[in-house]
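See structure below.
No value in this document is a laboratory result; all are computed from the given coordinates. Computed from a predicted model, the values in this text were never measured in an experiment. FYI the Cβ positions are ideal-geometry reconstructions off the backbone, even for glycines, and counts take in every protein chain you see.
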């Protein structure tokens, strides 16, 4: 019997990318063949996302689109995996009868049973012990930059967020497991590792007897000693956990990039309280001052939510002023999504949708102006760029990223004057900028 052919779709955040690459490795190990065209597949696996309305809509639309294509030709087995099944369970069969199998977050190590076997519903209430062991992984995008997932779940209880209900409490993965996975990625060609979790800064906090800072720093110290690893990038650093010892520890580890992804969500004290963020504006301002005092040229990134229940015009004006004046290099914006089961869902002070949309548009324009101005200051500078490969627009153009550009979420650096291979570091002079992308010339005098 010929090997089964499969098509893989990964939606959502970098953490879902890690899970999709584990699925890719598991299916290949069973002799299945990856195909780019779902019409040629015997099974289609979709790693879904479900933490906000836009993500759910993308997941559902993708599943429906694949199912519609199936009716026009072959009928591959359709497997929905990850957050959408974990959140809605077997009810998805009624909502989307086109789906053949559901695999929740806790059962992803067993996904092969649904993809290549006859399992129809894998929805365990507790995590699989396999999440603590090294997971096989095959790159689905770039070989030289890979994600490393430090933990599962989240123990915070932010008012707007459904992730703890979907993924469960925070569970740090053992350092030995992470080091083994890192070594495998480096042996496979990785020169940049991007460390991800729902809350990277709390790595180790769920282990009795450990303070929050030292477990992460100890892990970083060990990762920094791995031969061949040039860049270590941290995403999802919550601001209430970054003390002076932690910042100085990062500064003394050269492979760790001074890239600070700080999901602030809002900046006024009353909104931070309503959102249950566990911090205050004064602490945020002090943290930004400490980062800038510790690192000569840090990259600052944040994400903000517009239109959360209870947000007044005064709150929004202050948020807008903060975006204009705080000096962030990267700003991601979200319009509030009303998520069933969260405290904010039952908040009576909901904003009219039209008000939330208006504020979102205004803040987006403010953020783009602020980022454009930050980028403009880079013109004329020579920067180090990690080459990612051909540009999406043309194979005759190369793109890469500076230390200030995280994969997938930030912009790209378009390189002119040469065609260096992927995975190589090059020097180039920045000649043009936008609010996200750069153009840099490899032809240095």
### Task
Pop a pseudo-label 7 angstrom from the Cα along the beta-carbon direction at both residue 379 and residue 90 and give the gap in nm to one decimal.
6.3 nm
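Which length gain, in nm to one decimal place, applies between residue 292 and residue 372 when the Cα-Cα distance is subtracted from 0.36 nm times their residue separation?
Values: separation 80, 0.36 × 80 = 28.80 nm, distance 2.02 nm.
In short, 26.8 nm is gained.
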### Query
Say each of residue 357 and residue 165 gets a label point 7 Å from the Cα, pointing the same way as Cα to Cβ; how far apart are those two points in nm?
2.6 nm
### Query
Mind ordering 48-61, 299-312 by average Cβ neighbours within 10 Å, highest first?
299-312, 48-61
### Distance from segment 306-382 to segment 129-175 (C-alpha centre basis), Å
27 Å
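Evaluate E = 1/(1 + (r/R0)^6) for residue 180 and residue 118, where r is the Cβ-Cβ distance and R0 equals 41 Å; express this FRET efficiency to the nearest 0.05.
Working: r = 32 Å, r/R0 = 0.79.
For R0 = 41 Å, the calculated efficiency reads 0.80.
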### Summary
At the level of C-alpha centres, the distance separating segment 22-60 and segment 177-198, in angstrom, is 22 Å
### Message
Can you classify segment 5-129 as rounded, prolate or oblate using the Cα gyration tensor, where a ≥ b ≥ c are the square roots of its eigenvalues, rounded means a/c under 1.5, and otherwise it's prolate if a/b beats b/c and oblate if not?
### Response
rounded
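Starting from the Kirkwood radius over alpha-carbon pairs of segment 382-441, derive D by Stokes-Einstein at 4 °C in a medium of 1.567 mPa s and give it in µm² s⁻¹.
Details: Rh = 11.1 Å.
For these conditions, the coefficient is 117 µm²/s.
Ordered by packing density, taken as the mean number of other Cβ atoms within 10 Å over each peptide's residues, highest first, how do 10-22, 116-128 rank?
Values: 10-22: 22.4, 116-128: 14.3.
Taking the mean over residues of other Cβ atoms within 10 Å, the ranking is 10-22, 116-128.
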### Task
Give, in nm to one decimal, the length gained when the segment between residue 29 and residue 431 is fully stretched (0.36 nm per residue of separation minus the Cα-Cα distance).
140.1 nm
#### Entry: Considering only the chain, percent of DSSP beta bridges that pair antiparallel, nearest 5
30 percent
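May I ask you to give the average projected area over all directions of the convex hull of the Cα atoms of segment 1-44, in nm² rounded to one decimal? Let's see the in-between values first.
Numbers: hull surface 12.3 nm².
Directional mean of the projected Cα hull area for segment 1-44 stands at 3.1 nm².
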### Simple spin-label estimate for residue 313 and residue 282 in nanometres, 7 Å along Cα-Cβ
2.9 nm
### Summary
With 0.36 nm assigned to each residue of separation and the Cα-Cα distance removed, residue 324 to residue 61 gains 91.1 nm
### Query
If one puts a single equal scatterer on every Cα of segment 131-376 and applies the Debye formula without solvent, what log₁₀ I(q)/I(0) results at q = 0.10, 0.12, 0.13 Å⁻¹?
-0.52, -0.75, -0.88
### Query
If packing is taken as the mean number of other Cβ atoms within 10 Å per residue, what is the order of 331-338, 81-88, 390-397, highest first?
81-88, 331-338, 390-397
### Task
Select from 97, 258, 136 the residue whose mean-square fluctuation is largest in a Gaussian network model of the chain (Cα-Cα springs shorter than 10 Å).
97
### Query
What FRET efficiency do you get for residue 347 and residue 53 if R0 is 25 Å and r is their Cβ-Cβ distance, rounded to the nearest 0.05?
0.95
